Amino acid sequence: MSNITKALLLSVVAFGLVACESNPPKEAPKKVADCTYPSSPDVAAPDWVCTGSVEGVEVSAQGSERIVQGEVDAAQTFAMASARQKLAAAMKTRVQAMVTKYVGTTGAGSSATMDKVNESVTRQITDATLEGSRLIKSKTAPDGTMYVLVGMDSKQVQKAAETAVKTSMNNDQALWQQFKAKNSKDEMAAEIAKQKVD
């Protein structure tokens with residue numbers, strides 16, 4: 001082998017070694033948590049921050065607010081207000097499902113009547129209806145945003161549904177007349193509130 005060939009061969013080997021050294025080994029991809037804080041996406045958060053629910057609480061919702069100038073109580077109040085708004089929307093959907101299921105099992109009313117009844121009942125779900133809601137969990141993210149979970153257990157949900165139905169019956173008597181023939185208002189409201197929905 002000539003000197004030129006040896007020199008070329010050594011150059012190719014040296015170049016290969018340099019190329020290998022200039023590419024550092026790749027790091028394993030960083031595992032991302034199943035749930036992270038929306039305000040701190042690199043930090044793992046409790047599951048309820050993402051799902052808005054925990055086991056044992058029938059209806060719940062999550063809210064958040066940034067803590068400003070150390071005002072923790074104010075942030076919690078605003079976060080809870082946000083969560084209660086979402087809770088009211090969840091309760092409206094749940095009570096609509098209860099009424100629909102009840103009417104479906106009794107066979108009374110047309111779909112147009114059903115829509116009117118659902119609208120009437122959901123109008124009755126107000127802050128007063130959510131009186132039984134309570135703070136379930138609270139956690140502050142690294143960036144100072146407070147997250148809260150507000151919820152109601154099954155008895156509170158049933159009571160709120162029953163209250164909304166009774167109020168609707170009193171406010172829209174003509175609408176409820178066809179359903180009223182079978183049961184008293186109290187009996188019917190209680191039956192509707194007992195409907196199990198997923």
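If you roll a 1.4 Å probe over the heavy atoms of the protein chains, what accessible area per residue do you get for the range 34-88, in Å²?
Counting only protein heavy atoms, the per-residue value for the range 34-88 is 58 Å².
Note the full-extension length gain between CYS35 and LYS86 as 0.36 nm times their separation in residues minus their Cα-Cα distance, in nm to one decimal.
Full-extension gain reported as 16.4 nm.
Would you kindly state how much longer the chain becomes between LYS116 and SER184 on full extension, computed as 0.36 nm times their sequence separation minus their alpha carbon distance, in nm to one decimal?
Full extension of this stretch gives 22.5 nm more.
Obtain the nm distance between the two label points defined at LYS137 and LYS194 by a simple spin-label model: each point lies 7 Å from its Cα along the Cα-to-C-beta direction.
Between LYS137 and LYS194, the simple spin-label model gives 3.3 nm.
Describe numerically, in nm with one decimal, the distance between label points set 7 Å from Cα along Cα→Cβ at GLU55 and at VAL43.
Modelled inter-label distance: 2.7 nm.
Can you tell me how much longer the chain between ALA174 and SER154 gets when fully stretched, taken as 0.36 nm per residue apart minus their C-alpha distance, in nm with one decimal?
Extra length from ALA174 to SER154 when fully extended: 4.2 nm.
Anything over 26 Å Cα to Cα? Flag those among LYS159/LYS185; LYS139/LYS159; LYS92/LYS194; LYS139/LYS166; LYS101/LYS137; LYS137/LYS166, in the order listed.
LYS139/LYS159; LYS139/LYS166; LYS101/LYS137; LYS137/LYS166
Counting other Cβ atoms within 10 Å, keep those with at most 12, restrict to DSSP loop, and tell me which GluC sites (Glu not before Pro) in the range 34-121 are left.
Of the GluC sites (Glu not before Pro), the ones in loops of the range 34-121 whose Cβ has at most 12 other Cβ atoms within 10 Å are GLU55.
The values are calculated or read from the model by the stated rules, or taken from the named source; none is laboratory data. Values in this document were obtained by computation on a predicted structure and should not be read as measured data. Backbone-built Cβ (ideal geometry, glycine too); neighbour counts: all protein chains shown. Just so you know, the surface numbers come from the protein's heavy atoms only, side chains and all, with ligands and any DNA or RNA stripped out. Shrake-Rupley method; radii C 1.70, N 1.55, O 1.52, S 1.80 Å.
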